[in-house]
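The values are calculated or read from the model by the stated rules, or taken from the named source; none is laboratory data. Everything numeric in this text was worked out from a predicted model, so none of it was measured. Quick reminder, even Gly has a Cβ in these numbers, built from the backbone with ideal geometry, and neighbours come from all protein chains shown. Ligands, DNA and RNA are excluded from the accessible area calculation, which covers all protein heavy atoms including side chains. Shrake-Rupley method; radii C 1.70, N 1.55, O 1.52, S 1.80 Å.
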Amino acid sequence: MPLLEGRHQIVVPCSPGIAPLLSREIRAQKLPVLEELATSVTTRGDFHAVLKLNLHLRCGQRVLWRLAAFKAEDADQLYAGLMPLPWEELIPADGYFTVTSIVDNPTIRDNRFANLRVKDAIVDRIRKRCGRRPDSGPRRDRLVFYLFWRGDEVRIYLDTSGPTLARRDYRLDPGKAPLRETLAAALVLTSGWEGKGSFLNPMCGSGTLAIEAALLARNIPPGLLRQEYSFQFLKDYKNREWRTLKAEARRRTRPDRRLRIIASDIDPAMIRLARENAERAGVGEVIEFIECDFAATPVPEGGGVVLCNPEYGSRLGAEEELKKTYRRLGDFFKQRAAGYTAWVFSGNPALMAEVGLRPAQRFKFDNGGIPCELASYPLYSGSLPA
Ligand SMILES: C[S@@+](CC[C@H](N)C(=O)[O-])C[C@H]1O[C@@H](n2cnc3c(N)ncnc32)[C@H](O)[C@@H]1O
């Protein structure tokens, strides 16, 4: 299958603020970083690398395998450029695919028209070669092709992930105001916690931060649980390579590593949900779940990380009430968490200021379109107020 052979460019999109962490993850898989942009990282590798990235990346959104790059000034040239590609080697004649795109070309007013031309080229080619044609439509749960068309530069990718890699399949019910798993992993990675000292996650909600921390510290790849990826719908796809990769990754996990992770929430329904999610993720016995006000969260001796994601007004809770919560959070840090580094993730700077401590570091992220910040507060005994 020439389209899947050799080394190709591989693009991994991500949300703002995450690219430097993603570059680190890609290098950890022994792949080069060719380009790091605000919302994507480009590497190069063979199709085996694509499988590895799908399995191991904690904060990338999807893994795009470049199929071709050419020039097209209008939709006819786009069609003509796509027709010679051996699509019949990728898509079963009775298969299903979808096309998505980012288009900035003066002749195209509606992306759907560009998508349609891509679909036409694929279907016409397969019909000519095989006498039958695959189905296409909007569903992303089979094969997905991505068109990037800027000016006259066309790049066409196979989206090997399909649904976003944030979907790890451990969170069936996300609860209220959950963090995307990829963002939660990025926050844990930024905190630097990898298993040394305790990891405390007051206001844990559905448990995403605590679960991602446990997966990281036990070296469990985030893609181990997930059952379906787009690449599995490729024609002649053999499961063996994927199974071998997963088995190798399973051998490298550290199931016996002792960890101290405590997750608490005032809402019993959230604690129930978080516990179920953790069990599904295979880290249920690692995390201690406690139903309590955040200020009553046990703080073991020996230091570590306290990471929390309080509500920040735009979705839940009234701002005045929340100001009190953030003030109390600052008091909790100062009075109870000496020896820890506290981290607060929020999308409301006015509320962040209520914590009353001077942040040592601040990192910008994006949560569902809302600019957010992760601020760190190292808590030495006798921390100075801001
Ligand atoms: C924004 S959500 C956290 C979402 C979480 N990061 C996730 O991914 O699901 C905030 C959580 O704080 C909890 N909460 C609010 N006030 C609290 C308090 N005083 N003590 C403990 N938990 C509280 C809420 O029940 C809610 O689950």
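Being farther than 30 Å from Gly313 by Cα, surrounded by 15 or more Cβ atoms within 10 Å (Cβ to Cβ), at pLDDT 95 or above and among the acidic types (Asp, Glu), is that true of even one residue in segment 91-112?
The answer is no, given that none of the residues of segment 91-112 is farther than 30 Å from Gly313 by Cα, surrounded by 15 or more Cβ atoms within 10 Å (Cβ to Cβ), at pLDDT 95 or above and among the acidic types (Asp, Glu).
Residues of segment 70-90 being open to solvent by 30 Å² or more (accessible area, probe 1.4 Å) and either among the polar types (S, T, N, Q) or in a helix (DSSP H, G or I) (or both), which ones? Step through it out loud before you land on a result.
If we filter segment 70-90 for residues that are open to solvent by 30 Å² or more (accessible area, probe 1.4 Å), which is where we start, we get 70-71, 73-74, 76-77, 79-80, 83-84, 89.
Asp76, Gln77, Tyr79, Ala80, Glu89, listed by residue number.
If Arg243 passes every condition in (1) surrounded by 17 or more Cβ atoms within 10 Å (Cβ to Cβ); (2) assigned to a helix (DSSP H, G or I) but one, which one does it miss?
Answer for Arg243: the failing condition is (1).
State whether one or more residues within segment 166-184 are polar (S, T, N, Q) and without any contact (Cβ under 8 Å) to a residue 12 or more places away in the chain. Quick ask: steps written out before the conclusion?
Here is the first cut: in segment 166-184, the ones polar (S, T, N, Q) are 182.
Okay, now just the ones that are also without any contact (Cβ under 8 Å) to a residue 12 or more places away in the chain, so none.
Scanning segment 166-184 turns up no residue that is polar (S, T, N, Q) and without any contact (Cβ under 8 Å) to a residue 12 or more places away in the chain.
Within the group Ala19, Ala38, Ala68, Ala28, which residue is in contact with a Gly (Cβ under 8 Å, 6 or more places away or on another chain), farther than 16 Å from Ser230 by Cβ and aliphatic (A, V, I, L, M)?
Numbers: Ala19 fails: in contact with a Gly (Cβ under 8 Å, 6 or more places away or on another chain); Ala38 fails: in contact with a Gly (Cβ under 8 Å, 6 or more places away or on another chain); Ala28 fails: in contact with a Gly (Cβ under 8 Å, 6 or more places away or on another chain).
Going through Ala19, Ala38, Ala68, Ala28 in turn, the sole match is Ala68.
Please find, among Ala213, Ala185, the residue that is within 12 Å of the ligand (Cβ to nearest atom) and in contact with a Cys (Cβ under 7 Å, 6 or more places away or on another chain). Before you say what the answer is, go through the steps one by one.
Values: Ala213 fails: in contact with a Cys (Cβ under 7 Å, 6 or more places away or on another chain).
It is Ala185.
Just name the residue that is farthest from the ligand (Cβ to nearest atom) out of those in segment 196-209 that are open to solvent by 10 Å² or more (accessible area, probe 1.4 Å) and over 16 Å from Pro310 (Cβ atoms).
Filtering first and then ranking leaves Lys196.
Please go through (1) touching an Asp or Glu at 6+ places or on another chain (Cβ under 9 Å); (2) within 26 Å of Glu25 (Cα to Cα); (3) assigned by TED's automatic domain parsing to the domain that holds Asn54 for Leu165 and return the number of the only condition it doesn't satisfy.
Tallying (1) touching an Asp or Glu at 6+ places or on another chain (Cβ under 9 Å); (2) within 26 Å of Glu25 (Cα to Cα); (3) assigned by TED's automatic domain parsing to the domain that holds Asn54, Leu165 fails exactly one: (3).
Looking only at segment 145-192, which residues are of a type in the set (Asp, Glu), modelled with pLDDT of 95 or more and open to solvent by 10 Å² or more (accessible area, probe 1.4 Å)? Before the answer, list the steps.
First, the residues of segment 145-192 that are of a type in the set (Asp, Glu): 152-153, 159, 169, 173, 181.
Cutting the leftovers down to modelled with pLDDT of 95 or more gives us 152-153, 159, 181.
Correct list: Asp152, Glu153, Glu181.
Give segment 40-69 a look and list any residue that's open to solvent by 40 Å² or more (accessible area, probe 1.4 Å) and touching a residue at least 60 places away in the same chain (Cβ under 8 Å), or say none. Spell out the reasoning first.
If we filter segment 40-69 for residues that are open to solvent by 40 Å² or more (accessible area, probe 1.4 Å), which is where we start, we get 44, 46, 48, 52, 61, 66, 69.
Passing the criteria: His48, Lys52, Gln61, Arg66, Ala69.
If you scan segment 10-65, which residues turn out to be within 17 Å of Gly223 (Cα to Cα) and β-branched (Val, Ile, Thr)?
First pass over segment 10-65, keeping only residues within 17 Å of Gly223 (Cα to Cα): 12-14, 22, 25-26, 28-29, 47-64.
Matches in segment 10-65: Val12, Ile26, Val50, Val63.
Any idea which of (1) closer than 26 Å to Asp135 by Cα; (2) not in a loop (DSSP other than H, G, I, E, B) is the one Ile26 doesn't satisfy?
So Ile26 meets the others, but not (1).
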